[in-house]
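Report on one structure; see the data block that follows.
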Amino acid sequence: MKSAMKPILKLPDITVTREDLLLIAGPCSVESEEQLFAAAGEVRRAGYRFLRGGAFKPRTSPYSFQGLQEEGIRLLGMAKKEFGLKIVTEIVDIAHLDLYADTVDILQIGARNMSNFQFLKQLAKAGKPILLKRGIAATIEELLLAAEYLTSGGNPHVILCERGIRTFEKYTRSTLDLSAVPIVKKLSPLPIIVDPSHSCGRSDIIIPMALAALMAGADGLIVEIHPNPQKALCDGLQSLDFEQYREMVLKINRLRPYLRDVKQGKEADDEQRIPE
């Protein structure tokens with residue numbers, strides 16, 4: 001008789017297993033209360049509990065929108081209370097931990113900081129689950145070693161994220177390396193989710209790539225949604241509008257019977273490979 005699915009994330013009042021899927025959605029950047037609450041309502045209506053939203057935005061250009069910063073965290077806290085959601089946001093400075101303490105449930109380490117090893121050592125002691133994104137030029141081995149800085153430093157609650165790597169291709173923002181998903185599954189017990197928004201950089205192919213990621217064995221997704229992507233202050237081209245988000249959720253739900261088989265096969269592999 002098959003044992004219950006092992007959790008990929010445990011919070012005080014919610015546990016996510018591989019069968020459940022960890023589905024995170026929300027705007028690239030918190031822009032206003034109206035925008036954030038609209039996105040939070042969509043996430044909640046879809047039956048999910050995890051809202052993403054950038055407050056402090058590390059941008060390539062110093063002239064690009066840098067996020068609402070402290071005000072963004074305040075708005076995320078309001079959405080958390082109003083909709084009963086868990087908050088996922090990027091941390092760019094260890095000094096922000098106190099600011100995040102009561103609001104943020106999962107700390108995201110962005111691709112730019114994957115190899116900031118001193119930062120990883122500090123965050124290992126943060127006492128919160130961490131979502132670690134693969135760097136744009138990082139190998140799979142380098143991603144796993146970066147995760148080791150967190151787990152060996154005392155934080156076992158690490159979720160890996162494949163978000164695309166830089167190649168010579170110009171039709172997408174990055175190249176989504178879906179081969180990383182089954183490879184990580186063979187090499188590590190850590191869960192791995194996929195970010196089709198940042199990797200694709202274009203909303204018209206996010207849904208097929210999201211579905212492909214789940215069929216490859218990903219434990220979840222993190223996608224960007226916006227009530228009006230054309231007017232987004234950043235990354236509107238890679239954001240789903242609400243109609244597209246609902247379409248994606250519908251297609252994921254239709255895939256669930258097949259995903260269950262994929263996940264159960266992975267669970268059996270884990271039981272053989274990792275001693276209790």
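Just so it is clear, none of the values below were taken in a lab; they were calculated from the coordinates. Keep in mind that this is a model prediction, so the values were computed, not measured. Positions of Cβ are backbone-derived with ideal geometry, glycine not excepted, and every protein chain shown enters the neighbour counts.
Taking a sphere under 9 Å around the Cβ of residue 107 and counting the other residues whose Cβ falls inside, with K and R at +1 and D and E at -1, yields a net charge of -1.
In this calculation the C-beta distance from residue 186 to residue 137 is compared with R0 = 25 Å, giving a FRET efficiency of 0.65.
Calculation over all alpha carbon pairs of segment 168-220 in 5 angstrom steps from 0 returns a P(r) of 4, 22, 30, 22, 14, 7, 2 percent. 3J(HN,Hα) couplings calculated from phi for segment 63-80 with the Karplus curve 6.51 cos²θ - 1.76 cosθ + 1.60 (θ = phi - 60°) are, in sequence order, 9, 7, 4, 9, x, 7, 6, 4, 5, x, 5, 4, 5, 4, x, 5, 5, 4 Hz; Gly and Pro show x. Close amide H partners of residue 17, meaning residues 5 or more places away or on another chain with modelled amide H under 5 Å apart, are 8.
Across the options 183, 226, 216, the greatest Cα extent toward the positive end of the charge dipole of segment 153-230 (unit charges at beta carbon of Lys, Arg, Asp, Glu) belongs to 183. Residue separation of residue 250 and residue 148 scaled by 0.36 nm, minus their Cα-Cα distance, works out to 33.1 nm of gained length. Based on Cα contacts under 8 Å between residues 6+ apart, the chain shows a relative contact order of 17 percent. Once the Cα-Cα distance is subtracted from the 0.36 nm per residue extended length, the residue 11 to residue 78 segment shows a gain of 22.2 nm. Rounded to the nearest 0.05, the FRET efficiency derived from the C-beta distance between residue 118 and residue 63 at R0 = 22 Å is 0.20. With a simple spin-label model that places each label point 7 Å from the Cα along the Cα-to-Cβ direction, the separation between residue 169 and residue 212 comes to 0.6 nm. Among 104, 262, sorting on how many other beta-carbon atoms sit within 10 Å of each Cβ, with the fewest leading, yields 262, 104.
Given only helices, namely DSSP H runs of n ≥ 4 each adding -39500 (n - 2.57), what is the per-residue ellipticity at 222 nm of the chain, to the nearest 500 deg cm²/dmol?
Details: 9 runs with 105 residues, N = 276.
Roughly -11500 deg cm²/dmol at 222 nm, from the helical runs in the chain.
Assigning unit charges at the beta carbon (Lys, Arg +1; Asp, Glu -1) and nothing else, what dipole magnitude in debye, to the nearest 20, does segment 92-192 show about its Cα centre? Intermediate results must be reported in sequence, preceding the final value.
Numbers: 12 positive and 10 negative charges, 52 e Å.
Its charge dipole is roughly 260 debye.
The phi-based Karplus calculation (6.51 cos²θ - 1.76 cosθ + 1.60; θ = phi - 60°) puts the 3J(HN,Hα) values of segment 135-149 at x, 5, 10, 8, 7, 4, 4, 5, 4, 5, 5, 4, 4, 5, 4 Hz, whole numbers, x for Gly and Pro. Scalar couplings 3J(HN,Hα) for segment 212-224, obtained by applying the Karplus form with A = 6.51, B = -1.76, C = 1.60 to θ = phi - 60°, are 4, 4, 5, 5, 6, x, 4, 7, x, 9, 10, 10, 9 Hz; x denotes Gly and Pro. Amide hydrogen proximity for residue 52: with H placed 1.01 Å from N in the peptide plane, the residues at 5 or more positions away or on another chain lying under 5 Å are 25, 26, 88. The local environment of residue 152, defined by Cβ-Cβ distances under 14 Å, has a net charge of +1 under the rule Lys, Arg +1 and Asp, Glu -1.
Tell me, 6, 57 in order of fewest to most beta-carbon neighbours within 10 Å?
Working: 6 15, 57 21.
Lowest count first: 6, 57.
Spacing of the modelled spin labels on residue 102 and residue 204, each 7 Å from Cα toward Cβ, amounts to 4.7 nm. With the highest mean first, a sort of the peptides 137-144, 187-194, 173-180 on other beta-carbon atoms found within 10 angstrom per residue produces 187-194, 173-180, 137-144. By other beta-carbon atoms within 10 Å, ranking 162, 71 with the fewest at the front produces 71, 162. Separation of segment 48-119 from segment 13-40 is 12 Å, based on Cα centroids.
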